[in-house]
Amino acid sequence: MAKVTDLTTLAKTSVENTDFLLVTNSASRNSKKLTVASLFPAVSTAGTSSETLYTSATLTNKNQIVFKGLKSGTTSNLTVATTSNNLLLSLVESGIDLNLCDNTSAVFMKGVDFTKTVTSQCPVINGGTGLSTIAKGAVLYASNTDTIAGTAAMSTNGQLLIGNATTGYPSVATLTAGTNITITNTAGAISIAASLSTLAGILDMANNNIDLGTAYLSADGSTSQGIRVTGANTYIGASGSYFNNDILNIGGGGIEFSDTATINPTAQTSGTAGKTLTIEGGNSASAAAGAINITGGTASGSGAGGNINLTAGRDTSGSSDGGIVMKTYTGGTATAALTISPEGQDVTVDTGNIIMSTKGIKMRNASYPDVIKYQGTPDDTDDGTAVVTAANILKGIITCTPTADRSKATDTAANFVSGLNLDTNGDAFDFSLINTATDGSSHVTLTAGTGITLVGAMVISAIDLAEDAFTSGVGRFRIRRTGASACTIYRIA
């Protein structure tokens with residue numbers, strides 16, 4: 001058996017898995033072998049994705065472990081030291097700079113600078129309130145310089161903070177309703193309603209509009225009468241007669257002015273023609289249309305009644321003053337009946353007749369006492385028996401030169417009525433028949449046509465200038481209507 005001293009030395013670094021140690025159990029006396037390599041320690045890291053505490057070549061000579069060193073990356077924030085065989089990591093608070101940190105998740109304040117340490121309640125100067133308690137419903141306010149106080153609890157509906165010049169800070173109070181105002185306080189709400197039943201002063205709307213809807217501006221605020229505005233139209237009156245036909249509508253009454261007044265469209269400038277003013281009576285679908293009455297004022301005492309003055313417009317250049325034209329309808333056409341011209345004021349009856357119902361026409365100008373009438377060329381009836389027609393008589397003068405005694409019938413009464421415009425019983429027309437024969441013996445005798453009654457001498461003698469047998473050679477007659485188809489002819493001269 002070889003001695004231990006005789007064996008070759010085996011270095012640790014040369015141990016292989018085939019090298020064994022002999023081991024004998026003292027109890028069983030059994031011998032076993034032990035692999036020498038299993039006696040050397042093995043190093044591993046238990047954590048996942050973590051740093052190892054040893055170097056990658058940590059085991060040298062099979063049983064020597066090499067650990068990594070521990071140092072601070074930023075010694076101004078963290079220090080590393082060994083104390084009593086302990087590794088001591090110390091945080092340097094003064095070296096922490098929050099500006100270098102991500103505030104997205106931490107949400108810490110940045111740039112806070114308290115001027116001193118705050119103890120107990122935080123005072124106003126350090127950004128606090130200085131209050132240890134505050135009542136529920138109270139509101140913070142500055143009661144003095146750098147002093148915050150709490151109001152009394154605002155536990156009543158409608159309470160507000162209202163400025164108080166006496167104390168210099170707001171007071172807790174409710175609004176006070178003034179005239180025509182109603183205030184209703186509820187939980188979390190204040191309702192302010194206007195109830196304008198009376199108005200003691202002037203209501204100045206400035207540039208604001210009032211929307212009346214379909215209501216009225218009335219005397220008592222409740223009755224539906226007064227002024228109503230609908231769209232672009234204004235109505236004045238009672239709701240029972242409401243209508244809305246024009247820009248201004250007035251129902252059931254008139255317009256009264258307190259002083260001298262003028263109604264006219266706005267004057268135009270430059271070359272724009274003036275606007276026409278039209279006053280019309282009321283139209284009617286199936287009854288008589290309304291009239292227009294223009295009445296001068298009545299004097300209750302001894303003063304004179306008011307005149308009605310119709311004055312046409314003036315052209316200040318004097319070249320084209322306006323006239324007055326009175327029209328009525330002929331069929332569907334408005335036809336001029338009477339015209340008063342400017343610059344002389346001549347009155348012209350354009351159509352129709354002047355009919356005097358109860359009075360006559362009086363000429364009272366001493367220097368011009370008669371009426372100028374139109375006289376056309378007289379009609380000449382033939383030297384025979386031709387009828388004296390309404391057209392002949394309409395000329396006013398009829399001449400005839402008979403060579404012998406002639407008997408001439410008049411036209412019918414019906415033709416006289418229509419041809420001479422004898423519209424009413426009693427209408428009359430005067431005419432003259434002149435016998436221009438000079439032999440003193442040829443007479444013209446009128447005989448009655450149909451419907452004609454003759455009164456007086458109907459013989460018109462020829463002119464005879466002999467002193468003892470004088471005839472003027474003219475007869476003056478008047479035709480008077482007595483019926484639609486009846487007339488009487490009078491010899492009046």
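Values in this text are rule-based calculations from the coordinates and carry no lab data. This one's a predicted model, so the numbers in the text were calculated from it and none came from an experiment. Glycine gets a Cβ as well: all are built from the backbone with ideal geometry, and neighbour counts include every protein chain shown.
See the values below:
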{"read-out": "Partners for residue 373 among aspartates and glutamates (Cα-Cα distance below 18 Å; same-chain residues under 8 apart left out)", "value": "346, 350, 430"}
{"read-out": "Per-residue ³J(HN,Hα) for segment 296-305, Karplus 6.51 cos²θ - 1.76 cosθ + 1.60, θ = phi - 60°, Hz, x for Gly and Pro", "value": "x, x, 9, 8, 6, x, 8, x, 6, x"}
{"read-out": "Amide H contacts under 5 Å for residue 250, placed H, 5+ residues apart", "value": "236"}
{"read-out": "Prolate/oblate/rounded label for segment 382-493 (Cα gyration tensor, a/c 1.5)", "value": "prolate"}
{"read-out": "Sequence of 420, 310 once ranked by neighbouring C-beta atoms within 10 Å, starting from the fewest", "value": "310, 420"}
{"read-out": "Peptide ranges 18-27, 270-279 listed from the most packed, as the mean C-beta count within 10 angstrom indicates", "value": "18-27, 270-279"}
{"read-out": "Segment 379-491, relative contact order [Cα under 8 Å, separation at least 6], %", "value": "27 percent"}
{"read-out": "Dipole moment magnitude, nearest 20 debye, segment 379-491 about Cα centre, only Lys, Arg, Asp, Glu C-beta charged", "value": "460 debye"}
{"read-out": "Residues 329, 235 arranged by fewest to most Cβ contacts within 10 Å", "value": "329, 235"}
{"read-out": "Packing-based ranking, highest mean first, of 204-210, 349-355, 421-427 given that Cβ atoms within 10 Å are counted", "value": "421-427, 349-355, 204-210"}
{"read-out": "Separation of the residue 363 and residue 239 label points, Cα + 7 Å toward Cβ, nm", "value": "6.7 nm"}
{"read-out": "Per DSSP, loop chymotrypsin sites (Phe, Trp or Tyr not before Pro) in segment 446-493 with at most 14 further Cβ within 10 Å", "value": "470"}
{"read-out": "Spatially proximal lysines relative to residue 12 (Cα-Cα < 16 Å; intrachain offsets below 8 disregarded)", "value": "62"}
{"read-out": "Modelled FRET efficiency - R0 51 Å, residue 179 with residue 102, Cβ distances, 0.05 increments", "value": "0.20"}
{"read-out": "Answer label for Cα extents along the principal axes in Å (calculated), chosen among (i) 227, 72, 52; (ii) 95, 65, 53; (iii) 69, 53, 45", "value": "(i)"}
{"read-out": "Rounded FRET efficiency, nearest 0.05, which uses the C-beta distance separating residue 300 from residue 349 and R0 of 35 Å", "value": "0.40"}
{"read-out": "Helix-only CD estimate at 222 nm, as mean residue ellipticity for the chain, using -39500 (n - 2.57) per DSSP H run (n ≥ 4)", "value": "-500 deg cm²/dmol"}
{"read-out": "Neighbour-count order for 256, 343, fewest beta carbons within 10 angstrom listed first", "value": "256, 343"}
{"read-out": "For segment 27-35, Karplus couplings with θ = phi - 60° (6.51, -1.76, 1.60), whole Hz, Gly/Pro x", "value": "8, 8, 6, 8, 9, 9, 10, 10, 5"}
{"read-out": "Antiparallel content of DSSP bridges confined to the chain, in %, to 5", "value": "75 percent"}
{"read-out": "Cα gyration tensor shape for segment 327-416, rounded if a/c is under 1.5, else prolate or oblate", "value": "prolate"}
{"read-out": "For segment 124-173: rounded, prolate or oblate by the Cα gyration tensor [a/c cutoff 1.5]", "value": "oblate"}
{"read-out": "Projected label distance in nm at residue 247 and residue 122, using a 7 Å step from Cα toward the beta-carbon", "value": "6.9 nm"}
{"read-out": "Vicinal HN-Hα couplings computed from phi for segment 427-440 (Karplus, 6.51 cos²θ - 1.76 cosθ + 1.60; Hz; Gly/Pro x)", "value": "5, 9, 9, 9, 8, 10, 10, 9, 8, 8, 5, 10, 7, x"}
{"read-out": "30 Å Cα-Cα threshold exceeded, pairs from 275/362; 275/327; 327/395; 359/408; 362/408", "value": "275/362; 359/408; 362/408"}
{"read-out": "Placed amide H near residue 173: partners under 5 Å, 5+ positions off or other chain", "value": "160, 162"}
{"read-out": "Nitroxide proxy distance, nm - points 7 Å out along Cα→Cβ at residue 146 and residue 373", "value": "12.2 nm"}
{"read-out": "Distant-in-sequence amide H partners of residue 327 (H built 1.01 Å from N, under 5 Å)", "value": "337"}
{"read-out": "Extended-chain gain in nm, criterion 0.36 nm per residue less alpha-carbon gap, residue 86 and residue 438", "value": "108.7 nm"}
